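Q: Quick one: the structure is below, and I'll ask about it shortly.
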Amino acid sequence: MSNTNKLLSNYFGKNEFVGSFQSYRDIKNPLSKNDCCFLGRSNVGKSSIINSITRKKNLAKTSKTPGRTQSINIFLINDQINLVDLPGYGYAKVSKVMRQNLETLIQEYVENQLKLIHAYILIDAKVGVKNSDIDMFDLLSESNRNFSIIFTKIDKCSRSYLDELEKSMKSLMKSYIKYFNQFFFTSSKKFEGIIDVQKDIYTLSKQL
Ligand code: GDP
């Protein structure tokens with residue numbers, strides 16, 4: 001293992017579940033550390049990537065226990081930065097009212113959480129961008145939030161497909177030039193691209 005990998009492994013290995021909160025107003029953040037948040041459509045692979053980043057098999061499973069899928073789940077990494085797991089959006093199988101509640105929860109957090117310094121939007125590489133993702137890009141940019149896009153499950157896609165995806169997404173991101181930061185191509189299954197995301201979070205955590 002290289003020194004950088006070892007550093008990241010130690011850094012992200014030290015983490016704790018802070019809590020599960022029903023709304024942004026309920027968040028108790030006694031250490032008042034900065035947040036980076038993870039957003040994405042249901043089933044995008046959010047729990048898997050949080051587990052890969054924190055190198056814990058089941059850290060994000062906590063957020064999947066009944067009653068917690070609709071809340072904001074916070075993990076503190078190395079006492080320095082909060083990794084905030086927001087509920088999955090765009091899930092067709094829940095009622096319209098619940099969908100609206102989840103969207104409100106996400107919106108209130110994004111608009112109001114002063115400690116939020118970066119958002120990662122996860123997109124299933126094979127599924128591509130949906131309108132609900134575009135709504136999130138709009139919400140983030142209207143709230144003056146910097147964001148990056150993490151493509152997930154790239155093990156399911158060919159190199160040429162991913163190149164085309166990147167090209168079309170680059171073009172879409174021209175509309176968000178002020179807030180869009182970068183793309184990450186990841187597979188939790190193959191542990192690809194995870195270190196790049198870790199490096200990015202590590203760098204963010206040094207931001208005061
Ligand atoms: P969440 O609902 O966004 O938290 O998504 P999960 O992490 O629970 O993953 C949803 C499904 O996608 C599960 O069946 C995972 O096994 C699968 N999955 C997650 N990440 C990957 C990946 O990198 N590659 C592949 N092939 N499947 C994945």
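Q: From 174, 190, 178, grab the single residue that is over 15 Å from the mean Cα position of the chain (by Cα), at pLDDT 95 or above and within 13 Å of the ligand (Cβ to nearest atom). Outline the logic, then answer.
A: Values: 174 fails: within 13 Å of the ligand (Cβ to nearest atom); 178 fails: within 13 Å of the ligand (Cβ to nearest atom).
Of 174, 190, 178, the one residue that is over 15 Å from the mean Cα position of the chain (by Cα), at pLDDT 95 or above and within 13 Å of the ligand (Cβ to nearest atom) is 190.
Q: So, one more: So residue 1 passes all but one of these: (1) more than 17 Å from the chain's Cα centre (by Cα); (2) within 30 Å of residue 132 (Cβ to Cβ). Which condition number does it fail?
A: The single condition residue 1 does not satisfy is (2).
Q: Here is a follow-up. Exactly one condition in (1) within 17 Å of residue 83 (Cα to Cα); (2) surrounded by fewer than 17 Cβ atoms within 10 Å (Cβ to Cβ); (3) more than 16 Å from the ligand (Cβ to nearest atom) is not met by residue 196; state its number.
A: Of (1) within 17 Å of residue 83 (Cα to Cα); (2) surrounded by fewer than 17 Cβ atoms within 10 Å (Cβ to Cβ); (3) more than 16 Å from the ligand (Cβ to nearest atom), only one is false for residue 196: (3).
Q: So residue 7 ticks every box in (1) modelled with pLDDT under 90; (2) more than 14 Å from the ligand (Cβ to nearest atom) but one. Which box is left unticked?
A: Going through (1) modelled with pLDDT under 90; (2) more than 14 Å from the ligand (Cβ to nearest atom) one by one, residue 7 breaks only (1).
The values are calculated or read from the model by the stated rules, or taken from the named source; none is laboratory data. Because the structure is a prediction, the values reported are computed rather than measured. Positions of Cβ are backbone-derived with ideal geometry, glycine not excepted, and every protein chain shown enters the neighbour counts.
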